[in-house]
Amino acid sequence: MTDKSVTPGVPYLSLQDEFLSLQQAWFSRIEEIGAGGAFILGPNVRAFEQEAAAYVGSQYAVAVANGTDALVLSLRAMDIGPGDEVITSPFTFFATAEAISIVGAIPVFADIDEASFNLDPGSVASRIGDKTKAILPVHIFGNPADMSRLGALADTHGLRLLEDAAQAFGARHGDAVVGSMGDAGCFSFYPTKVLGCYGDGGLITTSDEVIRDRLLKLRNHGATAPFTHDELGYNSRLDEVQAALLRLKLEKLEQDIAARLQVAAWYDERLAGMDLITPVRPAKGRHAFNLYTIKHPRRDALRAHLNDHKIGNSQCYPVGLHLQTIYSGLGYQPGDLPVVDRVCGETLSLPIFPAMRESQVDQVCDLVAAV
């Protein structure tokens, strides 16, 4: 199956081809920014906010410094703080729960659906209590969460619904783009994301004008006007250089997602029939494939084999957040969230990026087949 002329080894992620394709246009915009002299919250940031809001289908977008700040500022804009509880997934990057803790609230971890790796609405329902103020689903690996059922739970119980869409720009639940279905949606533009910049960056989308206005204050030191402050805020602003790049990349986002879907289809075809489980797609909607994550009964042996042959991979995530040392005081024990515990021992993310070649997928799958 493998082309023997191909150099052995496949990177987990490669951004070089993408950079070269954008270099001339991006550098030209950087020269324009330098000539204009506006580097923070300038015309490119404003234009990107408008373009991103239009793509997502929200009324507003507020650019911030990174995805973690997007979560923290959104929680604050919803007046979630000390004593409040926020139900979320433990099968995600630490920033999701960290943001809840930073504002003084308590993360309440629910179990996940074994097929999609997303929050299980039934488990969420069982954890709603008097102190619950919000549900914070994560569209993990680019696969949209069940926003219909989670939204119904939020409506029934009068809860805020905040989407962590850091890994899922362009994913869809039905016809709705992630980031448009909750009170707000949070995105990261870390370079590894579906839509990533070449530094740090983040965005919050919302159709709630009150939340938008609060976010505009919070990202800029709580200022209502120059040198006028009525609350403590943050210095969390996307710079013009990264905004200019994101505008260029947003123009080709559909092309990039199509390329990711093609890579995922190659994997599906070649891995079919092996002793493993490939990623599920939403019945109605679109997986954006930030990561291609399989379940394998001998995951650790597979990972060692791939490492020996210089095949990039990532163990996302080896330990659920409910069992992290920082949250030991919450009292979770192994077995409390059995699906999360099981999935953490079986999942492995394989290389995927828009410029990945079919021959590289062949190399990866040949090695997977050998374990």
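The values are calculated or read from the model by the stated rules, or taken from the named source; none is laboratory data. Owing to the predicted nature of the structure, the values given are computational and were not obtained by experimental measurement. In this analysis, Cβ positions are derived from the backbone assuming ideal geometry, glycine residues included, and neighbour counts consider all displayed protein chains. Note: accessible area is taken over every heavy atom of the protein model, side chains too, but ligands, DNA and RNA are not part of it. Shrake-Rupley method; radii C 1.70, N 1.55, O 1.52, S 1.80 Å.
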Here are some residues: 5, 28. Which one is closer than 26 Å to residue 353 by Cα, at pLDDT below 95 and hydroxyl-bearing (Ser, Thr, Tyr)?
5
So if I check each of 145, 166, which one is assigned to a loop (DSSP other than H, G, I, E, B), open to solvent by 10 Å² or more (accessible area, probe 1.4 Å) and either modelled with pLDDT of 95 or more or of a type outside the set (Val, Ile, Thr) (or both)?
166
Keeping to the stretch 276-303, report how many residues are of a type in the set (A, V, I, L, M, F, W, C), in a loop (DSSP other than H, G, I, E, B), at pLDDT 95 or above and surrounded by fewer than 17 Cβ atoms within 10 Å (Cβ to Cβ).
1
Do any residues in the stretch 176-195 that are touching a residue at least 60 places away in the same chain (Cβ under 8 Å) have Cβ atoms under 6 Å from those of residues that are buried (at least 24 other Cβ atoms within 10 Å of the Cβ) and of a type in the set (Ser, Thr, Tyr), where the two are at least six apart or on different chains, and which pairs are they?
179/205; 184/74; 184/206; 185/205; 186/74
The stretch 222-246: number of residues that are in contact (Cβ under 8 Å) with a residue 24 or more places away in the chain and open to solvent by 10 Å² or more (accessible area, probe 1.4 Å)
6
Name every residue in the stretch 35-63 that is touching a helix residue (DSSP H, G or I) at 6+ places or on another chain (Cβ under 9 Å) and open to solvent by 30 Å² or more (accessible area, probe 1.4 Å), in order of residue number.
36, 38, 39, 40, 41, 43, 46, 51, 55, 59, 60
Please determine whether any residue of the stretch 31-44 is touching a residue at least 40 places away in the same chain (Cβ under 8 Å) and either under 30 Å from residue 109 (Cβ atoms) or hydroxyl-bearing (Ser, Thr, Tyr) (or both).
no
Just to be sure before I move on: is residue 327 open to solvent by less than 70 Å² (accessible area, probe 1.4 Å), of a type outside the set (A, V, I, L, M) and part of a loop (DSSP other than H, G, I, E, B) in the structure I sent?
no
Is one or more of the residues making up the stretch 338-360 at positive phi and assigned to a loop (DSSP other than H, G, I, E, B)?
no
Testing residue 245 on (1) farther than 30 Å from residue 26 by Cα; (2) assigned to a helix (DSSP H, G or I), one condition comes back false. Which one is that?
(1)
Suppose we filter 212, 219 for residues that are farther than 20 Å from residue 353 by Cα, crowded, with 24+ Cβ neighbours inside 10 Å, in contact (Cβ under 8 Å) with a residue 12 or more places away in the chain and of a type in the set (Lys, Arg); which single one remains?
219
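Conditions (1) among the charged types (D, E, K, R); (2) surrounded by 22 or more Cβ atoms within 10 Å (Cβ to Cβ), marked per residue:
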site	(1), (2)
82	no, no
85	yes, no
92	no, yes
102	no, no
109	no, yes
